[in-house]
1. Output the peptides 169-176, 123-130, 233-240 sorted from most to least packed, where packing is the average of other Cβ atoms within 10 Å over each peptide's residues.
2. Amide H of Ile183: which non-local residues (sequence gap of 5 or more, or other chain) have their own amide H closer than 5 Å, using H built in the peptide plane?
3. Once both labels are modelled 7 Å past Cα along the beta-carbon direction, what's the Ser68-Thr116 spacing in nm?
4. List, in order, the whole-Hz ³J(HN,Hα) value for each residue of the stretch 123-135 obtained from phi through the Karplus relation with A = 6.51, B = -1.76, C = 1.60 and θ = phi - 60°; use x for Gly and Pro.
5. Take a quick pass over the chain and tell me how many lysine pairs come in under 23 angstrom between Cα atoms, counting only ones 8 or more apart or on separate chains.
6. About the Cα centre of the stretch 225-280, what is the dipole size in debye to 20, counting +1 per Lys and Arg Cβ and -1 per Asp and Glu Cβ, all else neutral?
7. Specify, per residue and in Å³, the volume enclosed by the convex hull of the alpha carbon atoms belonging to the stretch 91-204.
8. Would you mind putting 211-221, 39-49 in packing order, based on average other-beta-carbon counts within 10 Å, highest first?
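Rule-based calculations on the coordinates, nothing more; no lab input. The model shown is predicted, which means the values in this text are computed figures rather than measured ones. Cβ sites come from the backbone with ideal geometry, for glycine too, and all protein chains shown count toward neighbours.
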Amino acid sequence: MLRKILGAVLGLVALGAILFFVLAPGLIERGMNTVEPVPFRISPRAQALHARLQVADMHADTLLWQRSLLAPAHQGQVDLPRLLKGNYALQIFSSVTKTPANQNYDANPANTDNITALTIADLQPPRTWTSLLQRSLWHAQKLDRYAAASNGQLRVIRSSAQLDRLLADRAEGAKVVGAMLSIEGLQDLEGKLANLDTLYGAGFRMAGLAHFFDNDVAGSMHGEAKGGLTPLGRQVVRRMEALGMIVDIAHASHATIAEVLAIARRPVVASHGGVQATCRSTAI
């Protein structure tokens, strides 16, 4: 009898674990990235204009989640079928490696992490469970695999020549979307400047210095101290410019933005965020 009870308990535990790994990632994504249909009328003139544009989107977190980028979905941010339907020329995919518990806009500590549990629930390689750098490298591998399986419709862009070729092919009628890798906060350097070259080698061509907390590169507008560039951060900006990586000031503190603009020798971008006139935060 005891053996039967133990067997039943173990069976329930196993079933619960299977349901967790199968269902949890999708449930989390649907909860965090809901898609609400908004009915609106698009005029023929607007549709014609959109069809002539080279549309680029600077930020999507799709690589964080456990679903195929190649399959159409009714959840999350983007997938290849929706990008093609929307006439996208370029989509930038960010690598999110760490987010604080109880994430908010005003102030977050750096000592908690929501993403670790997600990497385990997603059954990602064990190396990603403890290393932020490996999480970004895994995201790059995922994008490369999607591109390889896309029948040429998704191209990873790593150079200006590849971007020029993409635009030329689109001008000739090719149904193709470019994909470029970015990073949400350079905490994935794990304190080592040399890791920037590793990330560049994996295909990353843009990076935000900080995300929702202060890190050892720069202060975040959502961090506790909201400081500027650290000594490592100044080295990072210089090395990014030398490599040809785009510096992204999204989520950066005022002090960080001011310092970046003071030392930058190449253009920087603010990939996503609100303007103070309509999205004022008490954090800034």
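1. By packing density, highest mean first, the sequence is 233-240, 123-130, 169-176.
2. Ser95, Met206, Ala207, Gly208
3. Spacing of the two 7 Å Cα→Cβ label points: 3.3 nm.
4. 6, 6, x, x, 4, 7, 6, 10, 10, 5, 4, 5, 5
5. Values: Lys85/Lys142; Lys85/Lys175; Lys98/Lys142; Lys98/Lys192; Lys98/Lys226; Lys142/Lys175; Lys192/Lys226.
So the count of such lysine pairs works out to 7.
6. On the way: 7 positive and 3 negative charges, 19 e Å.
Here the stretch 225-280 has a charge dipole of around 100 debye.
7. Details: hull volume 15.1 nm³, N = 114.
Expressed per residue, the convex hull around the Cα atoms of the stretch 91-204 is 133 Å³.
8. Details: 211-221: 25.6, 39-49: 7.6.
Ranked from most to least packed, the peptides come out as 211-221, 39-49.
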